[in-house]
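*Asks:* Pasting in a structure now, in structure tokens, and then I'll have a few things to ask.
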Amino acid sequence: CVDSGHSNSSWMEALQNQVGKIKHFPVNDPDAMVRTEGREKYAIIGFVALRVEAVLKGNDPAAVGTPGASGRCSGTFSFGLNSTFDIDDLGCDTSTATISNLTLESGNGSKKKVHVEGTDYTFDPASHVISWFGAPTKDVSIAFDWAQAGSEGKCGSRAPDPNAICLSASWQGVQVGGSLPGNGADFGMRAVRLDQ
């Protein structure tokens, strides 16, 4: 039957015991499935050999990854002649973030000055360092947007779900085999070894 999820608490332990083993997984044809109420059935068209690499809870960051983040950061710094400043020191945990919309301003009201990159300073987007070559200026307001990309887990990027199980498996190439189990219809499929 088609089931929306596992319903037995022993699934996790049972699956973890399979890590490192090659198991045969059914291949379902969704277009041939029976979806009538009370008669839901998969349409298994074959089996594939996969090695079970990992079995993780659905709320484990290794399974679901980490979400991206973004925000705005601001602070002040007094620049001396030919001084430098690392904007990661503003305390926004931006060391691995991408920086955009950087603005440097000083003064207030009619004495407000917007400092221009290339004229008053340069900014290195890789190191996040501002190199100042304008006149010494106190209390320069620094503001910028930052964004950090998320990372995918073994089962992609998704919301954590403590009831889910993430099973990571790897393709093990074509497997040759076959047998007559003795039950059900004989469809005439046989494993044949080719000799030279």
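The values are calculated or read from the model by the stated rules, or taken from the named source; none is laboratory data. Worth saying up front: this structure is predicted, and the values here are computed from it rather than measured. Cβ: placed from backbone, ideal geometry, glycine included. Neighbour counts: every protein chain shown. For the accessible areas, the whole protein counts, side chains as well, though only heavy atoms, and no ligand, DNA or RNA atoms are used. Shrake-Rupley method; radii C 1.70, N 1.55, O 1.52, S 1.80 Å.
*Asks:* Please determine, by comparing only the residues of segment 78-93 that are open to solvent by 50 Å² or more (accessible area, probe 1.4 Å) and not in a strand (DSSP E or B), which one is nearest to SER127 (Cα to Cα).
*Replies:* Step by step, filter segment 78-93, then rank; the result is ASP89.
*Asks:* Another question, if that's okay. In segment 91-123, how many are under 23 Å from GLY150 (Cα atoms), at pLDDT 95 or above and not β-branched (Val, Ile, Thr)?
*Replies:* Of the residues in that region, 3 qualify.
*Asks:* Among the residues of segment 128-144, are any part of a loop (DSSP other than H, G, I, E, B), open to solvent by less than 60 Å² (accessible area, probe 1.4 Å) and at pLDDT 85 or above?
*Replies:* Yes, some residue in segment 128-144 is part of a loop (DSSP other than H, G, I, E, B), open to solvent by less than 60 Å² (accessible area, probe 1.4 Å) and at pLDDT 85 or above.
*Asks:* Turning to a different aspect of this structure: Within segment 32-39, is even one residue in a loop (DSSP other than H, G, I, E, B) and either under 30 Å from VAL140 (Cα atoms) or touching a residue at least 24 places away in the same chain (Cβ under 8 Å) (or both)?
*Replies:* If we filter segment 32-39 for residues that are in a loop (DSSP other than H, G, I, E, B), which is where we start, we get 33, 35-39.
After this cut, where a residue has to be either under 30 Å from VAL140 (Cα atoms) or touching a residue at least 24 places away in the same chain (Cβ under 8 Å) (or both) as well, the list is 33, 35.
Checked segment 32-39: at least one residue is in a loop (DSSP other than H, G, I, E, B) and either under 30 Å from VAL140 (Cα atoms) or touching a residue at least 24 places away in the same chain (Cβ under 8 Å) (or both).
*Asks:* Of all residues in segment 39-65, which are open to solvent by 60 Å² or more (accessible area, probe 1.4 Å), under 14 Å from SER168 (Cα atoms) and touching a helix residue (DSSP H, G or I) at 6+ places or on another chain (Cβ under 9 Å)?
*Replies:* LYS57
*Asks:* Of everything in segment 116-127, what is under 38 Å from the mean Cα position of the chain (by Cα) and of a type outside the set (A, V, I, L, M)? Give them in sequence order.
*Replies:* GLU117, GLY118, TYR121, THR122, PHE123, ASP124, PRO125, SER127 - these are the residues of segment 116-127 that are under 38 Å from the mean Cα position of the chain (by Cα) and of a type outside the set (A, V, I, L, M).
*Asks:* Kindly indicate whether any position in segment 104-119 is open to solvent by 30 Å² or more (accessible area, probe 1.4 Å) and either in contact (Cβ under 8 Å) with a residue 40 or more places away in the chain or touching a helix residue (DSSP H, G or I) at 6+ places or on another chain (Cβ under 7 Å) (or both).
*Replies:* no
*Asks:* Starting from residues that are in contact with an Asp or Glu (Cβ under 7 Å, 6 or more places away or on another chain) and in a loop (DSSP other than H, G, I, E, B), keep the ones in segment 94-126 and report whichever is farthest from SER141 (Cα to Cα).
*Replies:* The extreme case among them is SER95.
*Asks:* Would segment 11-22 turn up any residue that is closer than 24 Å to ASN163 by Cβ, in contact with a helix residue (DSSP H, G or I) (Cβ under 7 Å, 6 or more places away or on another chain) and modelled with pLDDT of 90 or more?
*Replies:* no
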